[in-house]
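Contents: one structure, followed by commentary.
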Amino acid sequence: VVPRVSAVTASSFDLRLQNPSGAAVVADPTTCLIVEEGSWASAGVRFGAQRIDSFVTAENTAWIGQTMLYDQLYTDPVVIGQVIGDSDPDWSVFWCQGGSRNEAPSPTALVAGKTVCEDTDVTRADEELGVIVFESGHGTLAGVEYEAALGPDVILGVQGPAPYANPFVTPFADDPRVALATMAGVDGGNGDWAVDYGATVATVDDLFVAIDEDQIGDSERAHTTESVGYVVFADHVDYEPPSECTSDFDCDDGNLCNGIETCIAGACEVIVIDCDDPFIDFF
C-alpha cells in the first residue's frame with residue numbers, strides 16, 4: 001500500500017491507504033510528520049517545508065522530476081516527501097534524487113516528483129507535493145531525541161528476509177516510536193518506495209525498513225539494495241517555535257527607511273520602502 005494525503009488545511013488533513021493494484025486494504029498504523037511551510041532553525045536543528053505542484057509523472061522507463069531549490073542552506077540534507085494531492089484517484093508515490101537518478105539529494109541538487117513505478121497506466125493528473133528537508137544530525141527537538149540521516153545502501157525488497165536493519169548514526173537512549181523514511185535516489189529500474197516494516201519500528205540501534213513495489217507490471221516484489229533518508233523521533237513531538245513578535249510594535253525599529261515592519265503569525269515581516277523615491281511623501 002501507499003499513503004494518500006489530501007485536503008490539507010491549517011487544522012486537518014485526510015489520510016487513506018491505497019493498494020496500487022486496486023485490491024482492498026486493511027487498517028495499518030501510519031506515522032505522520034507535519035511541518036508548517038517555511039524555514040526553521042532551533043537549538044541547532046535546521047529544517048524546512050515546501051509545497052510544490054507536480055506537473056510530471058515518472059515511471060520505470062522514464063524517471064523525470066522537477067528541479068527544486070532548497071528553502072535554506074543545507075550541508076547534508078535529508079529529504080522526506082509525500083504526494084499531498086488527490087486530484088487523480090489512481091495511485092502515485094513521492095520520489096526524489098540528486099544529480100542523477102541513483103544519487104541521493106545533495107546540498108546543490110534536488111529533483112522531486114511523483115512516480116507510478118511499473119503501472120501500465122502512466123498518465124496522472126497534476127498533484128501537490130509536500131517536501132520536508134532536515135539537516136542531517138542527532139539531537140533533541142522540543143526535548144525529544146531525534147535523528148535525521150541518509151542510511152547505507154543495504155535495504156532490499158519486501159520479497160526477502162525483511163525487515164532490514166538500518167543502523168542509526170548515534171544510538172538512542174530508548175527505542176524510538178516515530179519513524180519516516182523516503183527513498184534517496186532510485187537504484188532499481190522498477191521503481192519503489194520505502195516502508196517501515198515489521199512489528200517493531202526500531203530499537204535503540206536500528207530502524208527496520210524495507211523497499212516495496214507495485215504488482216501491476218509483474219507480481220514480484222524483490223528489489224536491489226537502496227538507501228533511504230529517514231527522520232526518527234524517540235516519541236511523539238509537538239514543537240512550536242518561539243514567537244518573534246506579538247504585535248507590530250515588537251518589530252518596529254523606528255526607522256521608516258528600513259521598511260514597514262509588521263507582525264504576522266508571530267514573525268516580523270518587512271515591506272521594503274525606497275527612501276530615495278521622489279514620489280514617496282513621508283509624514
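The values are calculated or read from the model by the stated rules, or taken from the named source; none is laboratory data. Computed from a predicted structure; not experimentally measured. So basically every Cβ, Gly included, is an ideal-geometry build from the backbone, and we count neighbours across all protein chains shown. When the accessible area is computed, the model is the full protein with side chains, heavy atoms only, and any ligands, DNA or RNA have been set aside. Shrake-Rupley method; radii C 1.70, N 1.55, O 1.52, S 1.80 Å.
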Study note, to complete from the structure: In the stretch 109-121, residues that are under 17 Å from the mean Cα position of the chain (by Cα) and either closer than 12 Å to residue 54 by Cα or open to solvent by 50 Å² or more (accessible area, probe 1.4 Å) (or both) total 5
Exercise for review: Among residues belonging to the stretch 25-44 that are outside any loop (DSSP other than H, G, I, E, B) and under 11 Å from residue 133 (Cα atoms), point out the one that is least open to solvent (accessible area, probe 1.4 Å).
Suggested key: 38
Point to revise | Filter pass, residue 88 being open to solvent by 30 Å² or more (accessible area, probe 1.4 Å) and modelled with pLDDT of 95 or more | key: no
Study note, to complete from the structure: By residue number, the members of the stretch 122-135 that are open to solvent by 40 Å² or more (accessible area, probe 1.4 Å) and either within 17 Å of residue 229 (Cα to Cα) or part of a loop (DSSP other than H, G, I, E, B) (or both) are 122, 123, 126
Review point. Restricting the search to the stretch 29-53, which residues are more than 17 Å from residue 3 (Cβ to Cβ), modelled with pLDDT under 95 and among the polar types (S, T, N, Q)?
Key: 39, 42
